[in-house]
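Structure first, then comments.
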Amino acid sequence: MLTDIVQATIMGLLTGMVYGLMALGLSVIFGVMRVVNFAHGEMMVVGMYLAWLLFERAGIDPLLAVPLVAAALFAAGYGLQRGLINPFINVAEHMQFMLLLALSIIIVNLCLLIAGPDTHGVQVDYMFDSYALGPFTFDAVRVYAALAAMAIAFLLYLFFTRTRIGKSIRAAADNHTGALVVGLDVPRLYALTFGVGAACVGAAGALMILVVQAQPFLAIDYTLLAFVIVIVGGLGSMPGALAGGLLIGVSESLAGLLIQPSLKSVFSFGLLILVLLLRPQGLFTRRG
């Protein structure tokens, strides 16, 4: 039994890295712009569909398709922020909510119109490969997806801490007025931020298609999951998003082993309630 628990924990950590990458996008957008992206799960599903299309039509492995999907979602996110979301930055929060909720509905229905309600998945050569380490066995697809997610998260860290644009975005997040005073193009930085957040969730979608089949109505589940993760980890905190993703991944995996897979969401929301009771600000602060 102990071996099964350790096995489930490690598998949960592998899946949790992809969850963390998904939540990073939401955390980045909120941390800089203070906009809650209610279309986040829909962007995740779009990333899954794009990776599936590239595999079906061009034979591109989802792992290799990650940069292409991320670039496509970055462009879409940049354009959406510039043309649609930016005029709503300083309006009441409920108006932002309605705008992004409407966007989410449009995206889901476009997915339904283009791909239909059926599930779509990929069958890569290594789908049934595994790695053995003592008594433990790990699915190759989950290992590859987790490693790719870690690499992308590290690149995102370098972007925000080592590049001039990344530092400018952080400055705009810390002090909007100060950023304007020193001459930073804050609307452009916000558009870049939304693009980066969309690219993260798109990349996560391209990785998730290796594990889960794409289906339009998964979007609401991923949106809720992303919210749970960023609240558990701490709103606006990048380390918190990754830690929250790992915790949720492990909790779902253990729930599937110890109880039944259909109750995995109970564990996730139970963890959310526990964190809100004991540490309402989340495990990490925004500057954590």
Checklist line | Exclusive hit being in contact with a His (Cβ under 9 Å, 6 or more places away or on another chain) and either among the β-branched types (Val, Ile, Thr) or closer than 22 Å to ALA149 by Cα (or both), set VAL196, VAL230, VAL186 | finding: VAL186
Margin query: Here are the criteria: (1) in a loop (DSSP other than H, G, I, E, B); (2) within 14 Å of VAL45 (Cα to Cα); (3) touching a helix residue (DSSP H, G or I) at 6+ places or on another chain (Cβ under 7 Å); (4) not aromatic (Phe, Trp, Tyr). Tell me which single one MET127 does not satisfy.
Written below: (2)
Check: Restricting attention to segment 26-47, and to residues there that are open to solvent by 10 Å² or more (accessible area, probe 1.4 Å), β-branched (Val, Ile, Thr) and in a helix (DSSP H, G or I), which single residue is nearest to VAL66 (Cα to Cα)?
Finding: VAL46
Margin query: Among the residues of segment 234-287, what is the count of those that are open to solvent by less than 50 Å² (accessible area, probe 1.4 Å) and not in a helix (DSSP H, G or I)?
Written below: 4
Notebook entry, point to check: Do you know which residues across segment 118-137 are open to solvent by less than 80 Å² (accessible area, probe 1.4 Å), free of Cβ contacts under 8 Å to residues at least 40 places away in the same chain and more than 28 Å from PRO216 (Cβ to Cβ)?
Noted result: ASP129, SER130, GLY134
Notebook entry, point to check: Given LEU50, LEU80, LEU99, LEU110, which one is under 27 Å from ALA145 (Cβ atoms), free of Cβ contacts under 8 Å to residues at least 40 places away in the same chain and part of a helix (DSSP H, G or I)?
Noted result: LEU110
Notebook entry, point to check: Which number in (1) open to solvent by 60 Å² or more (accessible area, probe 1.4 Å); (2) at pLDDT 90 or above marks the one condition that HIS94 misses?
Noted result: (2)
Next item on the list: Could you figure out which of (1) part of a helix (DSSP H, G or I); (2) over 25 Å from ILE10 (Cβ atoms); (3) at pLDDT below 95 isn't true of LEU184?
Entry: (1)
Check: Somewhere in segment 49-65, is a residue over 24 Å from LEU224 (Cβ atoms), among the aliphatic types (A, V, I, L, M) and open to solvent by less than 20 Å² (accessible area, probe 1.4 Å)?
Finding: yes
Next item on the list: Evaluate the following for ALA191: is it surrounded by fewer than 24 Cβ atoms within 10 Å (Cβ to Cβ), over 19 Å from LEU147 (Cβ atoms) and modelled with pLDDT of 95 or more?
Entry: yes
Notebook entry, point to check: When you go through (1) assigned to a helix (DSSP H, G or I); (2) open to solvent by 10 Å² or more (accessible area, probe 1.4 Å) one by one for ALA23, which number turns out not to apply?
Noted result: (2)
Item checked: Filter result for the condition that a residue is closer than 22 Å to PHE217 by Cα, at pLDDT 90 or above and either in contact with an Asp or Glu (Cβ under 8 Å, 6 or more places away or on another chain) or surrounded by 14 or more Cβ atoms within 10 Å (Cβ to Cβ) (or both), over ALA115, ALA140 -> ALA115
Next item on the list: Considering each residue of segment 130-181, count those that are in a helix (DSSP H, G or I) and under 17 Å from LEU210 (Cβ atoms), and give that number.
Entry: 13
Checklist line | Complete set of residues in segment 209-233 that are closer than 24 Å to VAL143 by Cβ and open to solvent by less than 10 Å² (accessible area, probe 1.4 Å) | finding: ILE209, LEU210, ALA214, ALA226, ILE229, GLY233
Next item on the list: Tell me which residues, restricted to segment 230-270, are hydrophobic (A, V, I, L, M, F, W, C), under 27 Å from VAL108 (Cβ atoms) and out of contact with any Leu (no Cβ under 8 Å at 6 or more places or on another chain).
Entry: LEU235, LEU263, VAL266, PHE269
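The values are calculated or read from the model by the stated rules, or taken from the named source; none is laboratory data. Values in this document were obtained by computation on a predicted structure and should not be read as measured data. Quick reminder, even Gly has a Cβ in these numbers, built from the backbone with ideal geometry, and neighbours come from all protein chains shown. These accessible areas exclude ligands, DNA and RNA; they are computed on the full protein's heavy atoms, side chains included. Shrake-Rupley method; radii C 1.70, N 1.55, O 1.52, S 1.80 Å.
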